[in-house]
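Let me begin by presenting the structure, written as structure tokens, before commenting on it.
The values are calculated or read from the model by the stated rules, or taken from the named source; none is laboratory data. All values reported here derive from a predicted model rather than from experimental measurement. Virtual Cβ from ideal backbone geometry, glycine too; neighbours counted across all protein chains shown. We work out accessible area using only protein heavy atoms, side chains counted, and drop any ligands, DNA or RNA first. Shrake-Rupley method; radii C 1.70, N 1.55, O 1.52, S 1.80 Å.
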Amino acid sequence: MVQKSVFVSTGQFAQLTGVSKHTLFFYDDNNLFKPAKVEDNGYRYYSLNQVDTFSVISSLKEIGMPLKQIKQYLDDRSPERFIHLLDTESQKLKEKIARLNQLLDVMEEKKKATATAMSADHSGLTVETLGPRHLYRTAVENVREPRSYYQAFQQHYTHLEQKFRCSSWLESLMVETTNVLDPSPAYPGYIYTEVSRKTDSNLSIPGGDYLTGYFQGDDDKLIEGYQVLIQHARSNELQLGEYIFEELVLDELSFKAYNQYVYKLSVPVVKTSDASSLNPN
């Protein structure tokens, strides 16, 4: 039979459980976790049987349960209440893990987008082939009016938080190509976030070729970028798709100055001859 009534000093117990002696003193002084026995000389001794109890207390504290609540349970403990406590805290922990996984996805998404923007050719335009895209978008009444844009932006992020429990760092803008070809003082658009699942989107776009360019600078440089994109398409007999997409790929997290920001502009394209062959009538 193994002798279980083994007692160790405060220092030994602290080493076993990975905490400082001062933590054990604090728990003892606040009647949260007390030693198994205290000798006449004041030395505290803990039983090895207490290691598991202390580990549970430490785990509850680590996942965010206040010491006051832990003490309230310990003051009125029972097997039934212990099961209820673990059920409640396990559910909270699962929700926290899910939230952290979402934050990790957002960070990885931002890192990938930044790396892609850094390695891209910024000296000219290219045609890239993309697969099907699933977007969650929010309408902007007038993309040229700050108040209208802000209201849509706020609504978009509220929806993201409510629907996905996470706000992406990659909000983008899409506008109808006809509005860019014939610009007016006011025209609508959409703020959008690309999502991985079609069921989470409110717009799905088939895969295809995109005329793409990267443009660095302020709003004026961005407007020039739109015109460069359109002129290139016309010069190369490319039929433009319904929307032009504007993505801020290198922002304040990469540069201090606003005029150093980098935008990616892209528009679905098809050769005019190819488009005619698809629609002979």
> Reachable lysines from K96, Cα under 18 Å, same-chain residues fewer than 8 places away excluded?
Replying inline: K61, K163
> What percent do you get for the relative contact order of the range 1-59 when only Cα pairs under 8 Å and 6+ apart count?
Replying inline: 40
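Show me the helices of the chain, taken as full DSSP H stretches, that run 27 Å or more along their long axis by Cα and average 1.0 or above in Kyte-Doolittle hydropathy. Provide the component values of the computation, followed by the final result.
Numbers: long enough: 79-119 (59 Å, -0.64).
The answer is none, since no helix passes both cut-offs.
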> At what distance in nm do the modelled label points of I83 and H22 sit from each other, each positioned 7 Å from its Cα along Cα→Cβ?
Replying inline: 4.1
> Among all the aspartates and glutamates, which ones have a C-alpha under 18 Å from K34's C-alpha, if same-chain residues fewer than 8 places away are not counted?
Replying inline: D52, D75, D76
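Considering only protein heavy atoms and a probe of 1.4 Å, how much of the accessible area of the chain is carbon and sulfur, as a whole percent?
Percent of accessible area from carbon and sulfur atoms in the chain: 52.
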> Which one, (1) 62, 19, 18; (2) 40, 23, 17; (3) 32, 23, 19, gives semi-axes √(5λ) of the Cα gyration tensor in Å as derived from the coordinates shown?
Replying inline: (1)
> Using 0.36 nm per residue, how much length does the chain from R197 to S9 gain when fully extended, once their Cα-Cα distance is taken away?
Replying inline: 62.1 nm
>> Please list, by residue number, every one of the GluC sites (Glu not before Pro) in the range 185-258 that is coil in DSSP and has at most 13 other beta-carbon atoms within 10 Å.
In response: E237, E242, E252
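Evaluate E = 1/(1 + (r/R0)^6) for T53 and L100, where r is the Cβ-Cβ distance and R0 equals 30 Å; express this FRET efficiency to the nearest 0.05. Provide the component values of the computation, followed by the final result.
Values: r = 27 Å, r/R0 = 0.91.
In this case the efficiency is close to 0.65.
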> In percent, how large is the relative contact order of the chain, given Cα pairs closer than 8 Å and 6 or more residues apart?
Replying inline: 16
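Please compute the length gained on full extension between K256 and Q216, using 0.36 nm multiplied by the number of residues separating them and subtracting their Cα-Cα distance. Walk me through the intermediate numbers first.
Working: separation 40, 0.36 × 40 = 14.40 nm, distance 1.33 nm.
Using 0.36 nm per residue and subtracting the Cα-Cα distance, I get 13.1 nm.
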>> Under 20 Å from a point placed 7 Å out from the Cα of Q69 along the Cα-to-Cβ direction: which residues of the range 16-45 have their backbone N that close?
In response: 27, 31-33
>> Based on DSSP loop calls and a cut-off of at most 16 other Cβ atoms within 10 Å, the longest stretch of the chain free of exposed chymotrypsin sites (Phe, Trp or Tyr not before Pro) is what?
In response: 44-168
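Provide the FRET efficiency to the nearest 0.05 for the V228-D182 pair, computing r from the beta carbons and using R0 = 22 Å.
Details: r = 17 Å, r/R0 = 0.78.
Efficiency at R0 = 22 Å is approximately 0.80.
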> Cα centroids of the range 34-107 and the range 109-164: how far apart, whole angstrom?
Replying inline: 43
